[in-house]
Amino acid sequence: MSKLKLTDEWWTAPAQSDSGRLIMVTGRRNMEPAMATGHYNVRMEITWRYGGEDAGMPPDATARTMEQVTTALADEFRRDHVAILTGIYTGAGERNWVFYVRSLYIFQRKINEILAPFEQLPLEFYAEEDPDWEEYREMRETEIPDEE
């Protein structure tokens with residue numbers, strides 16, 4: 001079996017929550033090779049709710065820790081494709097990391113290993129079957145095309 005080759009190209013665009021608050025959407029480009037495998041059928045979302053500023057963005061100290069967590073998650077799953085980080089939503093009082101996962105059992109084990117160096121974080125986990133990558137396709141609609 002050939003190794004899955006993924007790019008590490010990302011884009012960021014502003015969006016609005018249902019309540020009209022700013023959300024910054026960061027999405028990963030070129031996920032078609034992963035989608036085509038048919039192996040990543042479960043979407044896993046990790047949510048960190050925080051007391052945000054008026055604009056709904058995290059306080060500076062929380063934002064720094066969130067970036068450290070993001071780096072740790074991205075680094076591990078770049079090496080081990082049990083899960084693929086496809087999107088990050090920040091704003092309206094929460095950050096959401098979105099993954100497409102091959103194995104929930106292995107993902108859970110990996111998450112525990114990745115997060116072990118951090119103090120206990122207020123994270124919530126949600127998993128749902130999404131074999132057609134509907135959330136990813138919807139997120140891609142918020143991308144602002146590059147101007148040539």
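The values are calculated or read from the model by the stated rules, or taken from the named source; none is laboratory data. This one's a predicted model, so the numbers in the text were calculated from it and none came from an experiment. Every residue, glycine among them, receives a Cβ derived from its backbone with ideal geometry; neighbour counts consider all protein chains shown.
The table below gives the values:
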item: Boolean, Thr70 is within 15 Å of the chain's Cα centre (by Cα) and surrounded by fewer than 18 Cβ atoms within 10 Å (Cβ to Cβ); result: yes
item: Conditions (1) hydrophobic (A, V, I, L, M, F, W, C); (2) in contact with a Ser or Thr (Cβ under 8 Å, 6 or more places away or on another chain); (3) at pLDDT 95 or above; (4) surrounded by 14 or more Cβ atoms within 10 Å (Cβ to Cβ); number of the one not met by Met57; result: (3)
item: The lone exception for Trp133 - which of (1) free of Cβ contacts under 8 Å to residues at least 60 places away in the same chain; (2) surrounded by 18 or more Cβ atoms within 10 Å (Cβ to Cβ); (3) out of contact with any Asp or Glu (no Cβ under 6 Å at 6 or more places or on another chain) it fails; result: (1)
item: Among the residues listed as Ile84, Ile106, Ile111, the single one being more than 25 Å from Ala13 (Cα to Cα), under 15 Å from the mean Cα position of the chain (by Cα) and among the β-branched types (Val, Ile, Thr); result: Ile111
item: Trp11 outside any loop (DSSP other than H, G, I, E, B) and in contact with a helix residue (DSSP H, G or I) (Cβ under 8 Å, 6 or more places away or on another chain); result: no
item: Selection count where residues are surrounded by fewer than 19 Cβ atoms within 10 Å (Cβ to Cβ), assigned to a loop (DSSP other than H, G, I, E, B) and among the hydrophobic types (A, V, I, L, M, F, W, C), scope the range 83-121; result: 3
item: Condition met for Gly38 (in contact with a helix residue (DSSP H, G or I) (Cβ under 9 Å, 6 or more places away or on another chain), farther than 24 Å from Ala116 by Cβ, in contact (Cβ under 8 Å) with a residue 40 or more places away in the chain and surrounded by fewer than 16 Cβ atoms within 10 Å (Cβ to Cβ)); result: no
item: The lone exception for Glu124 - which of (1) surrounded by fewer than 15 Cβ atoms within 10 Å (Cβ to Cβ); (2) within 25 Å of Leu6 (Cβ to Cβ); (3) in contact (Cβ under 8 Å) with a residue 24 or more places away in the chain it fails; result: (2)
item: Residue list for the range 14-47, filter: within 25 Å of Asp80 (Cβ to Cβ) and part of a loop (DSSP other than H, G, I, E, B); result: Arg29, Asn30, Met31, Gly38, His39, Tyr40, Asn41
item: Residue check for Val69: in contact with a Gly (Cβ under 9 Å, 6 or more places away or on another chain), of a type in the set (A, V, I, L, M) and farther than 15 Å from Leu22 by Cβ; result: no
